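Accompanying notes for the structure given below.
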Amino acid sequence: MTSHSSGLAPASVAPSSVAAGVARAGTPDAGIPRDGAPHGAPHGGTSAGGGVPLLLLAILIGCLVAAVASFAVFQQLGMPVTMADAPNGKLQCLSYTPFRGKQSPFDGKLVIPPQQIAEDLNKLKAVTNCVRTYATDQGLDQVLPVARELGMKVLMGIWIGRDPVANEKQLQQGIELGKAYPDALRGIIVGNEVLLRGEQTPAALSGMLKRVKEATGVPVTYADVWEFWQPGNDRVGDGLPALAAAADFITIHILPYWEDQPIASTEGVAHLQAIYGILKAAYPEKQVLIGETGFPSAGRQRASAVPSTVDEARYIRDFIAYANSISVDYNLIEAFDQPWKRASEGTVGGYWGVFSGDRQLKFPLTGPVSNYSNWRHGWYMALGLGTLLLATSLFAGSRRLTLWRALLLPILAAGAGAVLVLYARRIGIVAYDWHEIAVEAFLWLLSAATAWATLRMLVSGRSAMAAPSIVQITDGLPRLAIERRDPLAWLSLLQLAAIVGAATASLGLAFDARYRDFPILAFAIPMAAHLILMALRHGRGTIDVYRSDRREEGLLSLILVTASLAIPVIEGPQNWQALIWTAEALLLALPWIRYWGFFFARRPVSALA
């Protein structure tokens, strides 16, 4: 290997000469060819361990293995799960909020048109004869006349908050609707989780219930999380017996996913049964309505509670079977997915509907249920992306293949294609606002670019080359990378972006985790790519033309490791999503962990010397 005019010493030069020539942020000069390979490295060849026919055969075998393996993976993801059927395919009652797309109750000027409500109730009529509302404004006053026309019943909600003026408006409108449509009402719910939010006292709510009952003659109730109906709850204070006396029936919310100790869907009904028994015993003379129960179909795992379409369907079907067995009245949350909730509750907040946001039934109420019903389409797309990555990496420049690399390349390309397809599908679930879409799109492109650059490195035989450092990147390496079309330099930029992104995600999960998802798919490709390159470099020895200090790498990897190790402590051992993310983050940091020694070194040391 020849020396460079810039004074950068090759790895084979003695330490004394290295000390004289190593700079804090040196960059390679024109002594490196345009493809980035050092002098003496092979160029333009097709193989380095087998003839062309053997290499083509290896690639074809790899393609076959990749196709079969990816088919098995997607088939498993879409495997239908057998569970109990909902009797008659019907539900007693569903929470109904009419907002679609970017519509939100936080938009004070929004009024839902009656036609939209009519469309929704006509859709819901197929699965239920009852809906529960939460307020009377923003066009929700039209629910009652439409429901009466369709022969449906309504649990009408009157929204009570902290503002007395807004409360009075809701009460007056609720009373007017109660008088106008008593035959369409199953009951009036005055206030929803007001005690939970600490916005009113039990005594104030008691007065509101009495006022509505006297004015309308319709049965009234108040709805809250079950703990706030439990006698002796210190958070409620005095007045709970009077509130119970003012209510014609008790309305409780039991949501296994949101419990302080989250409950899995398979155990959720047993938990609900125990809670219902406690409240029924506390109010033996009152009917107890389960006003909200359900399970989310998407979002982050909490303890053993994993949101998915299968888990939502299983919980709802098991619950209906239990409710019918003891003839308990219930209302499920909710009719339609509500995207606006994601702003305050994270991804999981928007996915409690029996119907999706675009008004399609998410799962059948009878028969098997799948988390990925169109998995074949996903498999086809994964094969297409994998083929594109493989073909472009093979024909983008020089090739130096061994039989093993020719065999592995299609498998790695198909794996990358599968991850990219699954991640794109997840982006459609988790990204709502424009900034979320922008971040997720950037991370998808980061993964795609990392996959291609890694495949290109393997094809060119340059995987034993050491990457440039952060200092060199910030001192102008991007210009050199563009000029030289150097995949090694591009991989350094991509690795830096992945480490910074993963560290940011782990810090968020360590300090404010409740509504944050685990970005497992977002960083799966960068993690695997840099581990593969690290393994190949160590296995073959490293040619380091980019010698410099690596303290920045050490610091970033230390932040990532420290934040990530805190996550399973916070989430607990039952949360396998947290464990997978922690393992992925640690493996992503692994290629840079060896640079921690720079914090203790007295002089700059070559990265891999």
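The values are calculated or read from the model by the stated rules, or taken from the named source; none is laboratory data. Computed from a predicted structure; not experimentally measured. Counting neighbours? That spans all protein chains shown, and the Cβs are built from the backbone with ideal geometry, glycine included. Accessible surface areas use protein heavy atoms only, side chains included; no ligands, DNA or RNA. Shrake-Rupley method; radii C 1.70, N 1.55, O 1.52, S 1.80 Å.
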Taking the options 278, 263, 250, name whichever one is open to solvent by 40 Å² or more (accessible area, probe 1.4 Å) and either touching a His at 6+ places or on another chain (Cβ under 6 Å) or farther than 21 Å from residue 519 by Cα (or both).
278
Number of the condition not met by residue 131 [criteria: (1) part of a loop (DSSP other than H, G, I, E, B); (2) in contact with a Phe, Trp or Tyr (Cβ under 8 Å, 6 or more places away or on another chain)]:
(1)
List the number of the failed condition for residue 586; all other conditions in (1) part of a helix (DSSP H, G or I); (2) open to solvent by less than 20 Å² (accessible area, probe 1.4 Å); (3) modelled with pLDDT of 95 or more hold.
(2)
Identify all residues within the range 311-321 that are open to solvent by less than 10 Å² (accessible area, probe 1.4 Å) and touching a helix residue (DSSP H, G or I) at 6+ places or on another chain (Cβ under 8 Å); write none if there are none.
312, 315, 319, 320
Residue 355 fails exactly one of (1) crowded, with 21+ Cβ neighbours inside 10 Å; (2) farther than 14 Å from residue 292 by Cα; (3) at pLDDT 95 or above, namely (1)
Output yes when any residue across the range 259-267 is under 22 Å from the mean Cα position of the chain (by Cα), among the polar types (S, T, N, Q) and outside any loop (DSSP other than H, G, I, E, B), and no when none is.
yes
Cβ-Cβ distance below 9 Å, separation of 6 or more or different chains: which pairs start in the range 427-445 with a residue that is open to solvent by less than 60 Å² (accessible area, probe 1.4 Å) and end on one that is assigned to a loop (DSSP other than H, G, I, E, B) and of a type in the set (Gly, Ala, Ser)?
429/298; 429/299; 430/298; 430/299; 430/346; 438/431; 440/431; 441/431
Flag if residue 347 is among the polar types (S, T, N, Q) and open to solvent by 50 Å² or more (accessible area, probe 1.4 Å):
no
Considering only the range 281-297, I want to know if a residue exists there that is open to solvent by 50 Å² or more (accessible area, probe 1.4 Å) and not in a loop (DSSP other than H, G, I, E, B).
yes
What's the total number of residues in the range 424-441 that are in a loop (DSSP other than H, G, I, E, B) and of a type outside the set (A, V, I, L, M, F, W, C)?
2
Can you confirm whether residue 120 is at pLDDT below 95 and under 29 Å from the mean Cα position of the chain (by Cα)?
no
Are there any pairs, at least 6 apart or on different chains, whose C-beta atoms fall under 8 Å, with the first in the range 264-290 and over 21 Å from residue 321 (Cβ atoms) and the second small (Gly, Ala, Ser) and not in a helix (DSSP H, G or I), and if so, which?
286/247
Across (1) under 39 Å from the mean Cα position of the chain (by Cα); (2) open to solvent by 20 Å² or more (accessible area, probe 1.4 Å), residue 156 clears everything bar (2)
Under 8 Å between Cβ atoms, which residue pairs at least 6 apart in sequence (or on different chains) link something in the range 552-576 that is free of Cβ contacts under 8 Å to residues at least 24 places away in the same chain with a partner that is small (Gly, Ala, Ser) and buried (at least 19 other Cβ atoms within 10 Å of the Cβ)?
568/578
Step by step: first the residues of the range 528-583, then only those that are assigned to a loop (DSSP other than H, G, I, E, B) and among the charged types (D, E, K, R), then the one that is modelled with the lowest pLDDT. Which residue is that?
544
What's the number of the condition residue 324 fails, among (1) open to solvent by less than 10 Å² (accessible area, probe 1.4 Å); (2) of a type outside the set (Lys, Arg); (3) at pLDDT below 95?
(1)
For residue 115, only one of the following conditions fails: (1) open to solvent by less than 20 Å² (accessible area, probe 1.4 Å); (2) not in a loop (DSSP other than H, G, I, E, B). What is its number?
(1)
Sort through 404, 379 and tell me the only one that's of a type outside the set (S, T, N, Q), open to solvent by 10 Å² or more (accessible area, probe 1.4 Å), outside any loop (DSSP other than H, G, I, E, B) and modelled with pLDDT under 95.
404
